[in-house]
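Enquirer: One structure, as structure tokens, below. Some questions next.
The values are calculated or read from the model by the stated rules, or taken from the named source; none is laboratory data. Since this is a predicted model, take the numbers as computed values, not measurements. We place every Cβ from the backbone using ideal geometry, glycine too, and count neighbours over all the protein chains shown.
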């Protein structure tokens, strides 16, 4: 039981890193970016290429994925995404889902449809067991590493959004962009940095998750629903909501597949429905200034 709980928390932490960028762009920028999974896939393939072709160590590939995918996100924000900010949500959905299918087709054409594998360092492949019997806790070293990295990221992001000048400027730009610009805030620059960081986090999540989730051209389509569930259940007002939602869904998914494997991901959707019936706006909401 404890091992299932541990694996579920690790899986949930990974979902959090993958989805938190979408929570930022959707909740704080009011933009529906269904191509978010394509940025995660880019981080995964970049890690595979850097390790297999360039011989870069795994730990160096993680910040590399964040920086490169974040820079690509900034470029796309300036060229493709910014004109879509004033469009309707339907236009944003169609635009971003189109980008997703283009990314899937491009990766399939260039790399192929085969599953990509990452060779983790030796110290991340082991497993530590504590206790015995029903209370035995088996902790995979890589999952423990994921929990540690994601916990640090959650704390840092929460502090940035709630305690820094950039966080206050971002909230002001979202609440009323015209007034914020009148107060001297460069709204376009704030949105550019926010989108870049969100994309970089997706790339980092893709690099971390390639070994656990698997990596192939269908990755953005396969996990898009999980990202949306994390955002819908957790709300988009803070980092705490998506973090709690991701851990709940991770534990529910792992436990459901272990105890009732024939039901697949049924437990995840059931939990989502129950939570949204209880709190339709998500676990955490923020009152804007409009």
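Enquirer: Restrict the check to region 253-273 and report whether at least one residue is touching a helix residue (DSSP H, G or I) at 6+ places or on another chain (Cβ under 9 Å), at pLDDT 75 or above, surrounded by 13 or more Cβ atoms within 10 Å (Cβ to Cβ) and within 22 Å of residue 156 (Cβ to Cβ).
Expert: No: region 253-273 contains no residue that is touching a helix residue (DSSP H, G or I) at 6+ places or on another chain (Cβ under 9 Å), at pLDDT 75 or above, surrounded by 13 or more Cβ atoms within 10 Å (Cβ to Cβ) and within 22 Å of residue 156 (Cβ to Cβ).
Enquirer: Test each condition in (1) touching a residue at least 12 places away in the same chain (Cβ under 8 Å); (2) under 25 Å from residue 76 (Cα atoms) for residue 147 and report the one that comes out false.
Expert: All conditions are met except number (2).
Enquirer: Testing residue 97 on (1) out of contact with any helix residue (DSSP H, G or I) (no Cβ under 7 Å at 6 or more places or on another chain); (2) surrounded by 14 or more Cβ atoms within 10 Å (Cβ to Cβ); (3) not in a helix (DSSP H, G or I), one condition comes back false. Which one is that?
Expert: That leaves (3) as the condition not met.
Enquirer: Pairs under 7 Å by beta carbon, first residue closer than 10 Å to residue 19 by Cβ in region 239-250, partner assigned to a loop (DSSP other than H, G, I, E, B), six or more apart or different chains?
Expert: 245/283
Enquirer: Quick one: which residue in 18, 22 is at pLDDT below 90, closer than 30 Å to residue 144 by Cβ and in contact with a helix residue (DSSP H, G or I) (Cβ under 8 Å, 6 or more places away or on another chain)?
Expert: Result: 22 is the single residue among 18, 22 that is at pLDDT below 90, closer than 30 Å to residue 144 by Cβ and in contact with a helix residue (DSSP H, G or I) (Cβ under 8 Å, 6 or more places away or on another chain).
Enquirer: Output the number of residues of region 100-116 satisfying the condition of being surrounded by 12 or more Cβ atoms within 10 Å (Cβ to Cβ) and in a loop (DSSP other than H, G, I, E, B).
Expert: Final tally of qualifying residues: 1.
Enquirer: Quick check, is residue 41 modelled with pLDDT of 95 or more, assigned to a helix (DSSP H, G or I) and either more than 21 Å from residue 212 (Cα to Cα) or touching a helix residue (DSSP H, G or I) at 6+ places or on another chain (Cβ under 7 Å) (or both)?
Expert: yes
Enquirer: Another one. Read through the list (1) closer than 30 Å to residue 232 by Cβ; (2) surrounded by 14 or more Cβ atoms within 10 Å (Cβ to Cβ); (3) in contact (Cβ under 8 Å) with a residue 60 or more places away in the chain, then give the number of the only condition that residue 51 fails.
Expert: Evaluating residue 51 over (1) closer than 30 Å to residue 232 by Cβ; (2) surrounded by 14 or more Cβ atoms within 10 Å (Cβ to Cβ); (3) in contact (Cβ under 8 Å) with a residue 60 or more places away in the chain leaves (1) as the failure.
Enquirer: Right, something else. Residue 88 versus (1) farther than 23 Å from residue 110 by Cβ; (2) under 21 Å from the mean Cα position of the chain (by Cα): which is the lone unmet condition?
Expert: Going through (1) farther than 23 Å from residue 110 by Cβ; (2) under 21 Å from the mean Cα position of the chain (by Cα) one by one, residue 88 breaks only (2).
Enquirer: Now, a different point. State whether the residues of region 205-214 include one that is surrounded by 16 or more Cβ atoms within 10 Å (Cβ to Cβ), within 25 Å of residue 33 (Cα to Cα) and free of Cβ contacts under 8 Å to residues at least 40 places away in the same chain.
Expert: Within region 205-214, none of the residues are surrounded by 16 or more Cβ atoms within 10 Å (Cβ to Cβ), within 25 Å of residue 33 (Cα to Cα) and free of Cβ contacts under 8 Å to residues at least 40 places away in the same chain.
Enquirer: Out of curiosity, is residue 70 in a helix (DSSP H, G or I), touching a residue at least 24 places away in the same chain (Cβ under 8 Å) and touching a strand residue (DSSP E or B) at 6+ places or on another chain (Cβ under 8 Å)?
Expert: no
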